[in-house]
Amino acid sequence: MKKLLSLLLFLCPIVALRAASAPDRTAPGAQLWLGYEPLAEADREALGESCSRISMAGSRYDSLLVAELTRGIEGLLQITPTVDPRARSGIRFSLDGDPKLLGEEGYRIRGGRNGVRIQAAADAGLLYGMFDLLRMLQCGEGLEGLDRTETPAYDRRLLNHWDDLDGTIERGYAGRSLWKWDELPGRLDPRYAAYARANASIGINGVVLNNVNADPRILRHDYLVKVAALADLFRRYHIRVYLTANFAAPMKPSSTPDVMKAWGGVGDLDTADPRDVRVQAWWREKAAEIYALIPDFGGFLVKANSEGMPGPQDYGCTHADGANLLARALKPYGGIVMWRTFVYNPTIDPDRMKRSYLEFRPLDGAFDDNVILQTKNGPLDFQPSEPVQPLFGAMPRSQVMLELQITQEYTGHATSLVYLLPMWRRVLDFDTCCAGPGSTVSRLTRGEVYPQRIRAIAGVANTGSDANWTGHPFAQANWYAFGRLAWNPDQTVSRITHDWIRSTWQVDGEDLRVIEAMMMPSWECFLRSSSPYGLGLTLDVATHYRANFAGRAGREWQVSREGIGTDRTSHGTGFTGQYFEPNRSCFDDADCCPSMWLLSFHWLPWNHRMPSGRSLREEFFEGLGSTPSLVRQNLERWQSLRDRIDPGRYASVLERLQQEYDDASRFSAEALDFFGAYVDDAIALP
Ligand code: GCW
């Protein structure tokens, strides 16, 4: 009787968890990659016995593990597993793994005739092992003979939300913010748990809740109480909360800089000068207040002296002075500061691509050990394609992390099917050569080239209040891929892609190939017209393209009857000089420079001979005109799946592909017309 009672008590939170996620289940796409549709009968039979019992290890995630496994096994195998602490077969969790090998989050998973064993050295490893097991079941991977050890490459795998306190999302294309500030802390929307669960399933362990263009009010006590409610919930899924901090937050509203007048500061000072002891005390007190409410608070993300945001330079101080001010306040509690390097002060250099490097490199070694420099993949912004930011590798005595953009600001919002993993793969694999060959961005940011205590990676989220979370059903793949890549940047693109397709669409074989064929070339197809040879053309797909081209021409690149591009070589702006050899010489040479970035580094005559033997002009115009037909191919591929995809998601993708086709046609027509005015049909190859 006593045992029965304790089992009931133990199961109570599980019931609550299951109920909390329930409202989302029916909307098309709401289940993301966690739909758990029944497997084929033969697989169900083969796996049934191994998954019929669960024995727990007594971790803080026990209730969550049982709830998720029960949900998964009920869906996939159509049986309800029993929880039996003494089970010698079935799915067994244990906490006796080697801590040196597995760390806090790693796990070993072994499968045999008696079932599966998931072993970890700390609680979180069990959580990740469990989701890995469910993924394997969903993807039809056999469990026999399985023996795999997994540890994450990055300790902090973060989503950055550009969510404002009024519920809007900067560069969000999937509805409103998930955070309902007016309801918190009293009411916890069921989607919070569903969101946390989805993140946990792909290994994301931190979220920055608010926009880098930071409203200081998030640091006010009433908001911190709301943040704490979210942190309490997310903690159940091993997710920590972080916030963005506005540098001028300590100031009183009447003293804040003009740019912040709409918000005001939240303190009572007339300065935010990092040298001022009152400012230092304000941040210390704020940190104490935050940690009293959220003991595992992750830290601050800061955008300073960038796009009008206040920062230490307003007081004649450096980025390092500013970052260290906040870092010292957080230090006693183990918090970190992610200080963004996205700055482009025009007084630094006429070439925007050079500015961030010129500002930050001289500060190498000046940052405290709990500061990490959060750096976008490219030196300009999140263009559809741009050279890798040369700061990677150039700051050996500082910690640097990569910021990717999952939300499709420049890659077609929620209308275009653009799968970003192939781009991210290239960025991570880019060899900076800073310490000889093999000094890739991936190895650098994991601290394998220069020592780095904090190992982190961030992606700007594409989630919102839309029932399917991301607007475009295929945009879910970018969220998924980011998480999987953050866990292990060495995983192959096809592995991650296949897993997503199988677990999201429940298809295999030829159908899987069709979806893969839609996704894999989508980024490069998009580039052919929107960023030919690294010449960024998209500003905002919803605006007038022609006006956009005209606005960029002469500012970001040159176009004339003679040629096109920007000379950033050592004879031009000198940007190539920011790279290590042999990249520097290669980018300087139009014949060596990767064609994807050719016009980012070079101005070339229209009759420049390309490796194909054809002229730049021929290839450029062919590319501009090619996207509509590629989108049409995707439309036809999708239509071929009509009977195998549920009607809700089928219709939603179809509608977006049709819209994408219309957009691409308009874009192509306007681009051909705009650039066509500059060229003469009679241009001949040299
Ligand atoms: O890409 C640009 C965006 C801004 C964004 C900024 C940044 C949040 O257009 O909307 O601001 O980058 O990354 O700070």
Mind counting the residues in segment 154-163 that are crowded, with 21+ Cβ neighbours inside 10 Å, more than 10 Å from the ligand (Cβ to nearest atom) and either in a loop (DSSP other than H, G, I, E, B) or among the polar types (S, T, N, Q) (or both)? 2
Inside segment 607-661, can you point out the residues that are surrounded by 15 or more Cβ atoms within 10 Å (Cβ to Cβ) and among the aliphatic types (A, V, I, L, M)? Met610, Leu616, Leu624, Leu630, Val631, Leu635, Leu641, Ile645, Val653, Leu654, Leu657
Give me the pairs: first residue in segment 301-320 and over 18 Å from Pro250 (Cβ atoms), second residue among the basic types (Lys, Arg) and within 15 Å of the ligand (Cβ to nearest atom), beta-carbon distance under 8 Å, and six or more apart or on different chains, which are they? Ser306/Arg340
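Quick one: is Met353 open to solvent by less than 20 Å² (accessible area, probe 1.4 Å), within 16 Å of the ligand (Cβ to nearest atom) and not in a helix (DSSP H, G or I)?
Numbers: open to solvent by less than 20 Å² (accessible area, probe 1.4 Å): yes; within 16 Å of the ligand (Cβ to nearest atom): yes; not in a helix (DSSP H, G or I): no.
No: the conditions fail for Met353.
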Check whether at least one residue in segment 587-603 is touching a helix residue (DSSP H, G or I) at 6+ places or on another chain (Cβ under 6 Å), closer than 22 Å to Gly676 by Cβ and not polar (S, T, N, Q), and report yes or no. yes
Here are the criteria: (1) assigned to a helix (DSSP H, G or I); (2) of a type in the set (A, V, I, L, M); (3) within 22 Å of Ala664 (Cβ to Cβ). Tell me which single one Ala414 does not satisfy. (1)
How about segment 604-654: which of its residues are under 32 Å from the mean Cα position of the chain (by Cα), closer than 16 Å to Pro532 by Cα and of a type in the set (Ser, Thr, Tyr)? Ser626, Thr627
Please go through segment 432-459 and pick out each residue that is open to solvent by 30 Å² or more (accessible area, probe 1.4 Å) and either of a type in the set (Val, Ile, Thr) or without any contact (Cβ under 8 Å) to a residue 24 or more places away in the chain (or both). Pro437, Arg443, Glu448, Val449, Pro451
If only one of Leu373, Leu404, Leu391 is in a loop (DSSP other than H, G, I, E, B), touching a strand residue (DSSP E or B) at 6+ places or on another chain (Cβ under 8 Å) and within 16 Å of the ligand (Cβ to nearest atom), which one is it? Leu391
Residue set Asp222, Asp166, Asp132; condition charged (D, E, K, R) and in a loop (DSSP other than H, G, I, E, B); output residue Asp166
Residues in segment 319-339: is at least one part of a loop (DSSP other than H, G, I, E, B) and of a type outside the set (Gly, Ala, Ser)? no
Hey, among Asn468, Asn462, which residue is in contact (Cβ under 8 Å) with a residue 60 or more places away in the chain, within 16 Å of the ligand (Cβ to nearest atom) and either open to solvent by 10 Å² or more (accessible area, probe 1.4 Å) or in the same structural domain as Phe580 (by TED's automatic domain parsing) (or both)? Asn462
Would you check which residues across segment 340-350 are within 11 Å of the ligand (Cβ to nearest atom), open to solvent by less than 40 Å² (accessible area, probe 1.4 Å) and under 22 Å from Gly536 (Cα atoms) and list them? Thr341, Phe342, Val343
Condition first: at positive phi, touching an Asp or Glu at 6+ places or on another chain (Cβ under 9 Å), in contact (Cβ under 8 Å) with a residue 40 or more places away in the chain and in the same structural domain as Ser529 (by TED's automatic domain parsing). Can you find one or more residues in segment 570-586 that meet it? yes
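Scan segment 63-81 for residues that are part of a loop (DSSP other than H, G, I, E, B) and crowded, with 18+ Cβ neighbours inside 10 Å and report the count. Talk me through it step by step, then tell me what you get.
Step one: list which residues in segment 63-81 are part of a loop (DSSP other than H, G, I, E, B), which gives 78-81.
Among the residues that remain, those that are also crowded, with 18+ Cβ neighbours inside 10 Å are: 81.
Summing the residues that are part of a loop (DSSP other than H, G, I, E, B) and crowded, with 18+ Cβ neighbours inside 10 Å in segment 63-81 gives 1.
Residue by residue, here is whether (1) in contact with a Lys or Arg (Cβ under 8 Å, 6 or more places away or on another chain); (2) at pLDDT below 95; (3) open to solvent by less than 30 Å² (accessible area, probe 1.4 Å); (4) of a type in the set (Asp, Glu) holds:
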{"site": "Asn199", "(1), (2), (3), (4)": "no, no, yes, no"}
{"site": "Tyr223", "(1), (2), (3), (4)": "yes, no, no, no"}
{"site": "Tyr237", "(1), (2), (3), (4)": "yes, no, yes, no"}
{"site": "Lys252", "(1), (2), (3), (4)": "no, yes, no, no"}
{"site": "Ser255", "(1), (2), (3), (4)": "no, yes, no, no"}
{"site": "Val259", "(1), (2), (3), (4)": "no, yes, no, no"}
{"site": "Val279", "(1), (2), (3), (4)": "no, no, yes, no"}
{"site": "Leu301", "(1), (2), (3), (4)": "yes, no, yes, no"}
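For segment 281-301, check the following and say yes or no: at least one residue is within 16 Å of the ligand (Cβ to nearest atom), under 31 Å from the mean Cα position of the chain (by Cα) and on the phi > 0 side of the Ramachandran plot.
Here is the first cut: in segment 281-301, the residues within 16 Å of the ligand (Cβ to nearest atom) are 300-301.
Within this subset, residues satisfying the condition of being under 31 Å from the mean Cα position of the chain (by Cα) are 300-301.
Applying the additional criterion that residues be on the phi > 0 side of the Ramachandran plot yields none.
So far as segment 281-301 goes, no, none of its residues is within 16 Å of the ligand (Cβ to nearest atom), under 31 Å from the mean Cα position of the chain (by Cα) and on the phi > 0 side of the Ramachandran plot.
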Would you mind stating whether Asp368 is open to solvent by 10 Å² or more (accessible area, probe 1.4 Å) and either under 18 Å from Asn213 (Cα atoms) or in contact with a Lys or Arg (Cβ under 6 Å, 6 or more places away or on another chain) (or both)? no
Could you go through segment 85-104 and let me know if any residue there is in contact with a His (Cβ under 6 Å, 6 or more places away or on another chain), closer than 23 Å to Gly35 by Cβ, of a type in the set (A, V, I, L, M) and touching a residue at least 12 places away in the same chain (Cβ under 8 Å). no
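Would you be able to tell me the number of residues in segment 216-254 that are within 16 Å of the ligand (Cβ to nearest atom) and either free of Cβ contacts under 8 Å to residues at least 24 places away in the same chain or under 21 Å from Gln313 (Cβ atoms) (or both)? Quick ask: steps written out before the conclusion?
Looking only at segment 216-254, we keep the residues that are within 16 Å of the ligand (Cβ to nearest atom), and these are 216, 218, 242-247.
With the extra rule that they be either free of Cβ contacts under 8 Å to residues at least 24 places away in the same chain or under 21 Å from Gln313 (Cβ atoms) (or both), the set shrinks to 216, 244-247.
Selection size over segment 216-254: 5.
If I ask for residues that are in a loop (DSSP other than H, G, I, E, B), over 30 Å from Arg546 (Cβ atoms) and touching a helix residue (DSSP H, G or I) at 6+ places or on another chain (Cβ under 9 Å), which ones from segment 604-645 would you list? Step through it out loud before you land on a result.
Initial filter on segment 604-645 (in a loop (DSSP other than H, G, I, E, B)): 606-608, 610-614, 640-641, 645.
Now narrow it down to the ones that are over 30 Å from Arg546 (Cβ atoms): 611, 613, 640-641, 645.
Hits for segment 604-645 are Pro611, Ser640, Leu641, Ile645.
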Inspect all residues belonging to segment 543-550 and state whether any of them is surrounded by fewer than 16 Cβ atoms within 10 Å (Cβ to Cβ), in contact with a helix residue (DSSP H, G or I) (Cβ under 7 Å, 6 or more places away or on another chain) and of a type outside the set (Val, Ile, Thr). yes
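The values are calculated or read from the model by the stated rules, or taken from the named source; none is laboratory data. Because the structure is a prediction, the values reported are computed rather than measured. Cβ: placed from backbone, ideal geometry, glycine included. Neighbour counts: every protein chain shown. Ligands, DNA and RNA are excluded from the accessible area calculation, which covers all protein heavy atoms including side chains. Shrake-Rupley method; radii C 1.70, N 1.55, O 1.52, S 1.80 Å.
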